[in-house]
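S.K.: If you scroll down you'll find the structure; I have some questions about it.
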Amino acid sequence: MNRVLTMSALLALSTTTQALTPAGTEIINQASAEYIAPESMTPSTAVSNVIRTVVQAVCSVSVTPDGTVAQPGQSAALLPGEGAIFTYTVVNTGNTTEAFPVAVQQEAGTIKPGTRVVHDRNGNGRADADEPAVTSVTLAPEARAQLLLVVAASAAQGDAYLNLVSSCAGGENRDANNVSVVRVGPPPVLGVQKTFSPALVRPGTETTVTVTTSNAGQGESREVILTDLLAEQIARGLSFVPGSARTNVGTLEYTTDGTTWSAAETAPVRGVRVRVPSLAPGASVQLTFRMLAGAAAENQQFVNTATAQTGQDQTSGSATADVRYQPAVAIGPVGTPEAPEATPADQQSKPFAVAGQQVCFDHTAKNTGDVQDNYRVTVTYPQGGATATLYGENGQPLVQPLTLAPGQTAFVRVCYDAQPGGLNALITIQGDRGTSNTTSDVIGSVQGGLPELRKSYVATARNEQGQPVPIPDGGTVSVGDTITYTLTIRNPYTLPLTNVVVTDPIPAHLDATDVDQGGVLSGALGAQTATWNLGTLNPGESRSLTIVTTVSARAVDGEALKNTFNLVSTELPRPLPSNEVQTPVWSAKLLIEKTVSAPEATYGDKLTYTLKITNQSATTAISDATVTDTPARGLEYVPGTSTLGGKPLADPAITAGVLAWQAGQIPAGQSITITYQTRVTPEATGQLVNTVIVSGKGAGGVARAIASNRATATTKLNPLKFSPLADIVGTVFVDRNRNGLFDPLLDLPVPRARVLLAGGREVLTDTRGRYAFPNVPTGTHALRLDPNTTPYPPLHVPQDRGLSGTQSVFVRGLTSVDFPLAPLGGQVDALRRTTLTVGDVRLDKAVYAVDGGYVVTLRLTTPRRLDSLTLTDPLPQGAVLKEGRNIHTGTVDAGELNLTYRFDWTGEPRAATTDPDLSWRY
């Protein structure tokens, strides 16, 4: 029979294999067996004896992870100065609570980094501030602790094999296979370079900021952050240009507050940065962006610093932007404003100029800066002196200030009226922004005076035979007449005149036919100009130029052909005019018809002349016409007899016996008539011929309009002609020297004295004491002076003179009867009386002292005619003749010749007399 036997043992040990039974634990062991007896086939149990065992204390520690030098459990690649943390777990694998010592043991390597062990109580894998370094850790059985091996690499490069070792007290059960490796590689070397381009920025323009960081080391860097903060620059007027940031690698980020960064660009941008995970040796990160210089940024310097950070390392680089304008200005000879200052290229010179004549230099001013500015030009004189006038390109005075944009130029002409001598002028242009530049003008010599310019002409007409006939100076010319102009130029200076040009604008109503000396005629008829390019005129040199012209049919009667020529040269740029010559034009006839009332006359007769003056011009009136008549000798104008068109006309002005009337206007194609009377005096002889001419103003200016022929009227003198009537004339006067004769400079005429003629006729004297009884029958007549019309008594003189208040006279022809009166205050006595007698010719001289000087009377008495007589009465030395004449020449007929004159003299009265000189031809 078979038996089945099952045995079991009861153990008090734990069935786990990961923990030991705590020390002191009692283990009870008893065996039991179950079986089935064959006999009964029922289960039965058999029990052994009981065995009791007590567990002893066991110390055991475990450190993980494991590692060896050959195969480290953990590793870290560091850069010099960096740190690493290795995490270890320490487990109490014994059955009692133990304090396990922990230490770091370097197994191998070339470097020795700093180490410490930190109990990571919170398990976050970091060495927090409240977690100090430990050298042991106390653990209950099966408890564990997380320890951190903190490694700090120095600057040294290489490997370090670090082993975290733990054991039981006394070093038993030591766990020392926990090697980790630290490898410290070559460090990266970052540098930052920053630039502004341009670094000198004008307000309103942009500058490009370039920031570059490069790894110049041998090791790859950790993450690189390249940052440029802009808040300070923005506050001062330099702002970020939106959308302008660029980078070659990495990610761009922006900040609006300098703290929070975002990949999205949000205005205002106050900072830009680039993030790069790492930077290999030799690699670079470049960040660029633009900034705009606002107006507030002007005249400021902006120092900006950018930083690059990798790990704990940070480096920076700075650059400076200068925001300002660069104003600048230049002035120089025209076309070269930027000629180097104070060099020969910046100087203009002329060897010679004339005082009083403007000398001009042309210049160009230029804004060579980068900003608009206002400029002023001034002139000073290091040598000499002048008055300067500035002109612009329009020829008008220069308007200052000059406003010029960058690069803009302006024309500046400086004209000098220089003083004699030399001239050095400094022209300065000054900007409101403080910039300036100079150029200089030099004149070697400035001389006074002007060139001698003289213009003259000769006019000729053609007679009926076609021969040229000179026209007198001042005479009129007609259509077809020739006018030859002569232009004379002389250089009076000690230096030559250069580039001399003479121009002569031909009057519009002349046609030029010829010029000499290489002159050139230009322009159509009526607008011609003669031009001579004379070149150089040496000191003292003279030139004479000629123009031949003819009077055109365009000429208008009465106009004046006015002509002037001009000279210019390098030294005399302003045209210098010559004298003006005028040639009056009159082509139409000015017809004068003159008639006389009688073909024959005798002494005392009156002759009436009639002048008919016709203006034959169909276009031009004569204004301010002057009619001039020259009566024959022996004809005396009768006052008050002039008429114009039958109406009274003022008496003519009488000069040296020539009569001149102002006749006013003679309309074109019309006539005027003038009449007047003359009386035949005893001086008349032979044919009595009167000649008349007319002058006046015509169109275009003053022009003499002379008749083609002088008009004459002739009356034959017939002394034996029967004349039943005669005239009595005379003068009533105060005879201050009681000589019975009227001396005009000594005696006083008596106006409004009444003279009576037998038969009842009477007349009053005029202001000159004169009276007249015309048409008196020939024969003896009695005349009386009314004593009630004058306070002066009659003068009683020797009987042979026959003078008194009542006179009888035989009248024939023109008879003169004077009434001398006695002065109330006594007579004027002669200082001296002189008588010169030559045969039957007698000359009496008397000298009288009067207020203001002396009066001299000369009376020549001759019974016969004296030819070629010369009478001279010299004045005292130093005397001045005031009135009358002291010389007479010509023929004297039988009778008397009376001369009276007055002179001023301050000498001794006794020396006031001189002896007369008398001669004649037999």
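The values are calculated or read from the model by the stated rules, or taken from the named source; none is laboratory data. Because the structure is predicted, anything quoted here is derived from the model rather than measured. Glycine also receives a Cβ, built like all others from the backbone with ideal geometry; neighbour counts cover every protein chain displayed.
S.K.: Scan the strands (runs of 3 or more DSSP E) fully inside the stretch 150-210 and keep the ones with 3 or more residues being of a type outside the set (A, V, I, L, M) and either exposed (fewer than 15 other Cβ atoms within 10 Å of the Cβ) or over 60 Å from the mean Cα position of the chain (by Cα) (or both).
M.R.: Numbers: elements: 158-166, 179-184, 190-197.
Filter on the stretch 150-210 gives 158-166.
S.K.: While we're here: Here is a list: 425, 461, 410. Which entry is touching a strand residue (DSSP E or B) at 6+ places or on another chain (Cβ under 7 Å), without any contact (Cβ under 8 Å) to a residue 24 or more places away in the chain and in a strand (DSSP E or B)?
M.R.: Just one listed residue meets the conditions, 461.
S.K.: Now, a different point. Could you check, for the stretch 250-272, whether at least one of its residues is closer than 30 Å to residue 78 by Cα and of a type in the set (Asp, Glu)?
M.R.: For the stretch 250-272, residues closer than 30 Å to residue 78 by Cα and of a type in the set (Asp, Glu): present.
S.K.: When the stretch 26-65 is examined, which residues are found to be farther than 30 Å from residue 147 by Cβ and either in a loop (DSSP other than H, G, I, E, B) or among the charged types (D, E, K, R) (or both)?
M.R.: Pass one, the stretch 26-65, residues farther than 30 Å from residue 147 by Cβ: 26-54.
Result: 26, 34, 37, 38, 39, 40, 41, 42, 52.
S.K.: Specify the residue that is farthest from residue 200 (Cα to Cα); the eligible residues are those in the stretch 297-328 that are touching an Asp or Glu at 6+ places or on another chain (Cβ under 7 Å) and buried (at least 22 other Cβ atoms within 10 Å of the Cβ).
M.R.: Only one residue fits best here, namely 310.
S.K.: Could you list, in sequence order, the residues of the stretch 733-784 that are among the small types (Gly, Ala, Ser) and within 27 Å of residue 846 (Cβ to Cβ)? Break it down into steps so the answer makes sense when it comes.
M.R.: Residues of the stretch 733-784 among the small types (Gly, Ala, Ser): 740, 753, 758-760, 769, 772, 779, 782.
Correct list: 740, 753, 769.
S.K.: Does the stretch 84-97 contain any residue that is without any contact (Cβ under 8 Å) to a residue 60 or more places away in the chain and closer than 30 Å to residue 311 by Cα?
M.R.: Restricting attention to the stretch 84-97, the residues satisfying the condition of being without any contact (Cβ under 8 Å) to a residue 60 or more places away in the chain are 89, 91-92, 97.
Restricting the remaining residues to those that are closer than 30 Å to residue 311 by Cα gives 89.
There is at least one residue in the stretch 84-97 that is without any contact (Cβ under 8 Å) to a residue 60 or more places away in the chain and closer than 30 Å to residue 311 by Cα.
S.K.: Further, regarding this structure: Examine the stretch 90-97 for a residue that is in contact with a Ser or Thr (Cβ under 9 Å, 6 or more places away or on another chain), part of a strand (DSSP E or B), more than 27 Å from residue 22 (Cβ to Cβ) and at pLDDT 90 or above, and state whether such a residue exists. Reasoning before the result, please.
M.R.: Residues of the stretch 90-97 in contact with a Ser or Thr (Cβ under 9 Å, 6 or more places away or on another chain): 90-95, 97.
The next check asks that each one be part of a strand (DSSP E or B); those that pass are 90-92.
Checking which are more than 27 Å from residue 22 (Cβ to Cβ) leaves us with none.
Within the stretch 90-97, none of the residues are in contact with a Ser or Thr (Cβ under 9 Å, 6 or more places away or on another chain), part of a strand (DSSP E or B), more than 27 Å from residue 22 (Cβ to Cβ) and at pLDDT 90 or above.
S.K.: So how many residues does the stretch 892-922 have that are of a type in the set (A, V, I, L, M, F, W, C) and within 17 Å of residue 848 (Cβ to Cβ)?
M.R.: Number of matching residues: 5.
S.K.: Yes or no: the stretch 626-636 includes at least one residue that is charged (D, E, K, R) and touching a Leu at 6+ places or on another chain (Cβ under 8 Å).
M.R.: So far as the stretch 626-636 goes, yes, one or more of its residues are charged (D, E, K, R) and touching a Leu at 6+ places or on another chain (Cβ under 8 Å).
S.K.: Given the criterion within 30 Å of residue 568 (Cα to Cα) and either assigned by TED's automatic domain parsing to the domain that holds residue 208 or in a loop (DSSP other than H, G, I, E, B) (or both), identify the matching residue among 326, 357. Before the answer, list the steps.
M.R.: Working: 326 fails: within 30 Å of residue 568 (Cα to Cα).
Step by step, each of 326, 357 is checked, and only 357 is within 30 Å of residue 568 (Cα to Cα) and either assigned by TED's automatic domain parsing to the domain that holds residue 208 or in a loop (DSSP other than H, G, I, E, B) (or both).
S.K.: On to the next question. Output the number of residues of the stretch 667-686 satisfying the condition of being among the hydrophobic types (A, V, I, L, M, F, W, C), touching a residue at least 60 places away in the same chain (Cβ under 8 Å) and under 30 Å from residue 616 (Cα atoms).
M.R.: Keep residues of the stretch 667-686 that are among the hydrophobic types (A, V, I, L, M, F, W, C), which gives 668, 672, 674, 680, 684.
Restricting the remaining residues to those that are touching a residue at least 60 places away in the same chain (Cβ under 8 Å) gives 672, 674, 680, 684.
Then drop every residue that is not under 30 Å from residue 616 (Cα atoms), which leaves 672, 674.
Qualifying residue count, the stretch 667-686: 2.
S.K.: Okay, moving on. May I ask you to list the residues in the stretch 480-509 that are more than 28 Å from residue 569 (Cα to Cα) and either within 32 Å of the chain's Cα centre (by Cα) or surrounded by 15 or more Cβ atoms within 10 Å (Cβ to Cβ) (or both)? Explain how you work it out, then say what you get.
M.R.: The first filter runs over the stretch 480-509 and keeps only residues more than 28 Å from residue 569 (Cα to Cα), leaving 480-482, 509.
Correct list: 481, 482, 509.
S.K.: Restricting attention to the stretch 98-146, which residues are in contact (Cβ under 8 Å) with a residue 60 or more places away in the chain and either in contact with a Leu (Cβ under 7 Å, 6 or more places away or on another chain) or part of a loop (DSSP other than H, G, I, E, B) (or both)?
M.R.: Answer for the stretch 98-146, where residues must be in contact (Cβ under 8 Å) with a residue 60 or more places away in the chain and either in contact with a Leu (Cβ under 7 Å, 6 or more places away or on another chain) or part of a loop (DSSP other than H, G, I, E, B) (or both): 98, 100, 102, 104, 111, 113, 141, 142.
S.K.: Taking into account only those residues within the stretch 763-788 that are surrounded by 15 or more Cβ atoms within 10 Å (Cβ to Cβ) and modelled with pLDDT under 90, which is nearest to the chain's Cα centre (by Cα)?
M.R.: Ranking the qualifying residues of the stretch 763-788, first place goes to 774.
S.K.: Further question on the same structure: Residues that are in contact with a Pro (Cβ under 8 Å, 6 or more places away or on another chain) and either assigned by TED's automatic domain parsing to the domain that holds residue 535 or not in a loop (DSSP other than H, G, I, E, B) (or both): does the stretch 505-523 have at least one? Steps first, please.
M.R.: First pass over the stretch 505-523, keeping only residues in contact with a Pro (Cβ under 8 Å, 6 or more places away or on another chain): none.
No: the stretch 505-523 contains no residue that is in contact with a Pro (Cβ under 8 Å, 6 or more places away or on another chain) and either assigned by TED's automatic domain parsing to the domain that holds residue 535 or not in a loop (DSSP other than H, G, I, E, B) (or both).
S.K.: Could you tell me which residue of the stretch 843-874 is nearest to the chain's Cα centre (by Cα), considering only residues that are among the β-branched types (Val, Ile, Thr) and crowded, with 18+ Cβ neighbours inside 10 Å? Please lay out each step first, then the result.
M.R.: So the first thing to find is which residues in the stretch 843-874 are among the β-branched types (Val, Ile, Thr), and the list is 847, 850, 855-857, 861-862, 870, 872.
Applying the additional criterion that residues be crowded, with 18+ Cβ neighbours inside 10 Å yields 847, 855-857, 862.
On the way: 847: 74, 855: 69, 856: 71, 857: 73, 862: 84 Å.
The extreme case among them is 855.
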